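The values are calculated or read from the model by the stated rules, or taken from the named source; none is laboratory data. Since this is a predicted model, take the numbers as computed values, not measurements. Neighbour counts run over all protein chains shown; Cβ positions are idealised from the backbone, glycine included. Ligands, DNA and RNA are stripped out before the accessible areas are found, and what is left, the full protein with its side chains, is counted by its heavy atoms. Shrake-Rupley method; radii C 1.70, N 1.55, O 1.52, S 1.80 Å.
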Amino acid sequence: MSKSVPSFLQEEVSGSLMSIYSADFGNVDVKGNIQFAIDYVEQLKELHIFICQCKDLAVADVKRQRSDPYVKTYLLPEKYKLGKRKTSVKKKTFNPVYNEILRYKIEKDLLKYQSLNISVWHNDTFGRNSFLGEVELDLGTWDWNEKSNKQINWFPLKPRTSTMTLQLENRGEMKLALLYVPHPAGGKKTVPTGEVHIWVKECHDLPLLRGNRLNSFIKCTILPDTSRKSRQKTRTVAKTTNPIFNHTMVYDGFRPEDLKEACVELTVWDHNKLANHFLGGLRIGLGTGRSYGTTVDWMDSTSAESALWEKMMNSPNTWIEDTLPLRMLMVAKLTK
């Protein structure tokens, strides 16, 4: 194994890691276009988004070769708490026609501080909605008087770029503590490697996806290692949105320099006989966007997540605790 790759990694880091990240749910490569128009209606003091249609959308449900798409909009940042708007769902089509108007009551002056995020989703029976692409318009630079801007136009759908939309929906929070042990007792290796201990304490206010029952558990992976042996999980705690886990996971083989390249991915799931449903997660690392010289999607920690990791790095042999908000993640897929 090359010297640049740590001992906790069973496989070499390679560009292929970038392709194993799926969209929020399902492994969907974004394609296709959306046709819409926007206008501000002065008399009503309303922003109108006319969603016409989409064309050549990706296949969300590969097994059944179908997509059931709908369109969702947000005004970002969500400072005016106007929430999302959604079209109806069109079944079994990659070329849905909507012809629906989505409306926001908002003063025109406020729009110059906003972006309009329009995203397309596959509606899944079990709530595992797949992201099919998005368009984001900066309304601050939008010319409302330009005639062509009022016309219906086609826009190419893009992969998820907005971190703000991922953080909008409240997904609860996780209380946890981290510990870095540089020289574990009994270590006889010539090259000293340390351990990272992850103590998952509890979660608060987890979202209810199905009625009023929630049976949650947590999975942990240390990226960039996506092999099955890297994955650990807690037991399932039944029938509560505030589960107490008190579960510690230990990963060894960390050299000090590996801490800058690795990222702890913790994901919370609702356990179900048919399929486990993703509730939210954390990615705790330095959030540099790179790992061992490779650009990676998953090194995307928020400032609060990065701060916890930095404190752990700078305070060896000390438990560092925090409570962090869970967020939507592009969840890492297991390899082998």
Against the conditions (1) more than 22 Å from the chain's Cα centre (by Cα); (2) open to solvent by 60 Å² or more (accessible area, probe 1.4 Å); (3) farther than 24 Å from Asn129 by Cα; (4) not basic (Lys, Arg), where does Leu274 fall short? Just the number, please.
(3)
Counted residues, segment 303-336 - those being assigned to a loop (DSSP other than H, G, I, E, B), crowded, with 18+ Cβ neighbours inside 10 Å and modelled with pLDDT under 85
4
Return yes or no: is Ile118 among the β-branched types (Val, Ile, Thr), more than 21 Å from the chain's Cα centre (by Cα), open to solvent by less than 80 Å² (accessible area, probe 1.4 Å) and modelled with pLDDT of 90 or more?
no
Failed condition for Gly253, given (1) more than 20 Å from the chain's Cα centre (by Cα); (2) in a strand (DSSP E or B); (3) at pLDDT 90 or above
(3)
Is it fair to say Thr288 is open to solvent by less than 50 Å² (accessible area, probe 1.4 Å) and of a type in the set (Ser, Thr, Tyr)?
no
Could you tell me whether Lys63 is touching a strand residue (DSSP E or B) at 6+ places or on another chain (Cβ under 8 Å) and within 24 Å of Asp270 (Cβ to Cβ)?
no
Matching residues, segment 219-267, being touching a Cys at 6+ places or on another chain (Cβ under 6 Å), more than 15 Å from Met312 (Cβ to Cβ) and hydrophobic (A, V, I, L, M, F, W, C):
Leu223
Flag for Asn246 being assigned to a strand (DSSP E or B), in contact with a Lys or Arg (Cβ under 8 Å, 6 or more places away or on another chain), open to solvent by 30 Å² or more (accessible area, probe 1.4 Å) and more than 23 Å from Ser303 (Cβ to Cβ):
yes
Looking at this structure, is Gly280 outside any loop (DSSP other than H, G, I, E, B) and of a type outside the set (A, V, I, L, M, F, W, C)?
yes
Kindly establish whether Ser14 is over 30 Å from Asp270 (Cβ atoms), exposed (fewer than 15 other Cβ atoms within 10 Å of the Cβ) and modelled with pLDDT under 90.
yes
Residue match in segment 59-77 (condition: modelled with pLDDT of 90 or more, surrounded by 13 or more Cβ atoms within 10 Å (Cβ to Cβ), part of a loop (DSSP other than H, G, I, E, B) and touching an Asp or Glu at 6+ places or on another chain (Cβ under 6 Å))
no
Specify the residue that is nearest to Pro325 (Cα to Cα); the eligible residues are those in segment 291-302 that are open to solvent by less than 60 Å² (accessible area, probe 1.4 Å) and in a loop (DSSP other than H, G, I, E, B).
Thr302
Considering every residue within segment 160-170, establish whether at least one is open to solvent by 10 Å² or more (accessible area, probe 1.4 Å) and at pLDDT 80 or above.
no
Taking the criterion of being open to solvent by 30 Å² or more (accessible area, probe 1.4 Å), closer than 27 Å to Asp39 by Cβ, at pLDDT 85 or above and not in a helix (DSSP H, G or I), would at least one residue in segment 129-138 satisfy it?
yes
If Leu116 passes every condition in (1) hydrophobic (A, V, I, L, M, F, W, C); (2) touching a helix residue (DSSP H, G or I) at 6+ places or on another chain (Cβ under 8 Å); (3) under 17 Å from Lys31 (Cα atoms) but one, which one does it miss?
(3)
Given the conditions (1) modelled with pLDDT of 90 or more; (2) open to solvent by less than 10 Å² (accessible area, probe 1.4 Å); (3) not acidic (Asp, Glu), report the number of the one that Ser227 does not fulfil.
(1)
Taking segment 84-106, which residues are β-branched (Val, Ile, Thr) and either more than 19 Å from Leu44 (Cα to Cα) or free of Cβ contacts under 8 Å to residues at least 40 places away in the same chain (or both)?
Thr87, Val89, Thr93, Val97
Across (1) modelled with pLDDT under 85; (2) closer than 22 Å to Asp138 by Cα, Cys54 clears everything bar (1)
Going through segment 261-289 one residue at a time, which ones are among the aromatic types (Phe, Trp, Tyr) and more than 11 Å from Leu329 (Cα to Cα)?
Trp269
If I go through segment 188-215 residue by residue, how many of them are surrounded by 15 or more Cβ atoms within 10 Å (Cβ to Cβ), modelled with pLDDT under 90 and not aliphatic (A, V, I, L, M)?
2
